[in-house]
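Chemist: Dumping the structure here so I can ask a few things about it.
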Amino acid sequence: MGMLDHWHPVHPSQSLKKGAAVGVQVAGRLICLYRTESGAAAAIDDVCPHRRLKLSYGRVVGEKIECKYHGWQFDPCGNGESPSTPKMHTCTDAFDAREEHGYIWIKSKQSNPKFPEINTNNYYSLGTFHHECPAPLELTLDNFNEIEHSGTVHDTFGYDLDRLHEVRVRFETTDDSVRVINVGPTKRLFRPFAWLLGIRDGDLFHDDWTTHFSPVYSVFDHWWTSPDGGRESMIRWRLYIFFWPIDETRTSVVSFVYGKSRYPGKVGGLKLAKPLFRMEVDREIRQDIAMLKHMGSLETGIEGLKLSRFDKVLGLTRERINRVYRGIQPTQPLANGRYPLIA
Ligand code: FES
Ligand SMILES: [Fe+2]
């Protein structure tokens, strides 16, 4: 499988109105998304096979998109016709498009991967976010997949720098997933916020996530308990964060954010708190992006780095990104059965 063979959430459904087109870039490939006049989302190569104008610059005519340069038209399957040379056969690549969870997801036609499962049982949707990170896929995922940086970068989710040494971290792996479980004394939160979440001094913060690789996404669970585990915070968060490369130096981060509340009422007050929690999640992600903006190098290899006990995940995710997501067939398993990193 190649990168485009996996389902990627590339554009919010509601921002693509009937008869509109937009260009997106996934793994370096320019793709034209358009919504036909009957309302279906379509995805085809964005480079017109005639003279390479972007098709997304054109207009939708019925079920087809018409290139603005010379008026050639293409349907959602990529079949084209030229008004000036009607007998000429032309076509372009088309992609499967599907709409779920308020997003348009696309993948290549020839693949048949499982659609990523977003389990919203008993969780209330706090909305979605789409951020662009100025770093390659690996460096972006590295940031979201270790908690050591929460000591300096974050305000809510994580651990204070002076107590990071007390945080326990465990890794569990399967062939196509990596789970990281962190437990330790929580950050000292802004008092009213801690009160709202039901967190007391000395409570433990649990940060437990699993990263999958078809496509690349992490499912994060955030919650707090008393040190003996007997009392839990009033709110839990669950985030599904999808990471897909725009090109070699930029990564899209699409987050589907959910909360669960133990406060009384239908959704435990989350409807009311939604703007505040949305602001908080957005701020935390922007704090990550600020770090990625200031990388001294965009190299993705980890050889020669001085890695900490939290960084074991970097090698585990790279191996799976290459094997599962990029479909690079490893040739030489190491003695431990794992495959060598492919830079
Ligand atoms: S470039 Fe598209 S029709 Fe000519
Ligand atoms: Fe972070």
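Computed from the coordinates by the stated procedures, all read-outs in this text should not be read as laboratory data. Model, not experiment: these values are computed from the prediction. Cβ: placed from backbone, ideal geometry, glycine included. Neighbour counts: every protein chain shown.
Chemist: Computed over the Cα atoms of the chain, what is the convex hull's projected area averaged over all directions, in nm²? Spell out each step's value before the answer.
Modeler: Details: hull surface 81.1 nm².
The orientation-averaged projected area of the Cα hull of the chain comes to 20.3 nm².
Chemist: Answer with one residue from Ser82, Ile328, Gly259: the one whose Cα lies farthest towards the positive end of the charge dipole of the chain, charges on Cβ with Lys, Arg +1 and Asp, Glu -1.
Modeler: Towards the positive end, the residue furthest out is Ser82.
Chemist: Going by C-beta contacts inside 10 Å, put Thr85, Thr300, Thr317 in order with the fewest on the left. Walk me through the numbers on the way to the answer.
Modeler: Working: Thr85 11, Thr300 18, Thr317 24.
Exposure proxy ranking, most exposed first: Thr85, Thr300, Thr317.
Chemist: Residue separation times 0.36 nm, minus the C-alpha to C-alpha distance between Arg231 and Ser84: what's the value? Mind dumping the intermediate values first?
Modeler: Numbers: separation 147, 0.36 × 147 = 52.92 nm, distance 7.30 nm.
Gain on stretching Arg231 to Ser84: 45.6 nm.
Chemist: Taking every Cα atom in the range 3-108, find the radius of gyration and the maximum pairwise distance Dmax, and write them in Å.
Modeler: Taking only Cα atoms of the range 3-108, I get Rg and Dmax of 12.9, 42 Å.
Chemist: Given R₀ = 25 Å, what would the calculated FRET efficiency be for Asp96 paired with Thr249, taking r from the Cβ atoms and rounding to 0.05? Walk me through the intermediate numbers first.
Modeler: Working: r = 27 Å, r/R0 = 1.08.
Efficiency for this residue pair is about 0.40.
Chemist: In whole angstrom, note down how far apart the Cα centers of the range 203-278 and the range 77-116 are.
Modeler: 33
Chemist: Now for a different question. Cα-based Rg (one decimal) and Dmax (whole number) for the range 124-324, in Å?
Modeler: 16.7, 53
Chemist: Report, in whole Å, the centroid distance computed from the Cα atoms of the range 130-163 and the range 20-73.
Modeler: So the two Cα centres are separated by 36 Å.
Chemist: As a test of the formula, what do you get for the chain when each DSSP H run with n ≥ 4 contributes -39,500 (n - 2.57) and the sum is divided by the residue count, at 222 nm and rounded to the nearest 500 deg cm²/dmol? Before the final figure, lay out each step's value.
Modeler: Numbers: 4 runs with 48 residues, N = 343.
Calculated mean residue ellipticity at 222 nm is -4500 deg cm²/dmol.
Chemist: Shifting gears a bit: Give me the one-decimal nm value for the distance between modelled label points at His154 and His131, 7 Å along each residue's Cα-to-Cβ direction.
Modeler: 1.1
Chemist: Suppose every K and R has +1 on its Cβ and every D and E has -1 on its Cβ; what is the size of the dipole of the range 124-324 about the Cα centre, in Debye to the nearest 20?
Modeler: That gives a dipole near 880 debye.
Chemist: Figure the gain on full extension for Gln110 and Tyr69 (residue separation times 0.36 nm, minus the Cα-Cα span) and round it to one decimal in nm. Walk me through the numbers before you get to the answer.
Modeler: Details: separation 41, 0.36 × 41 = 14.76 nm, distance 2.97 nm.
Length difference between fully extended and current span is 11.8 nm.
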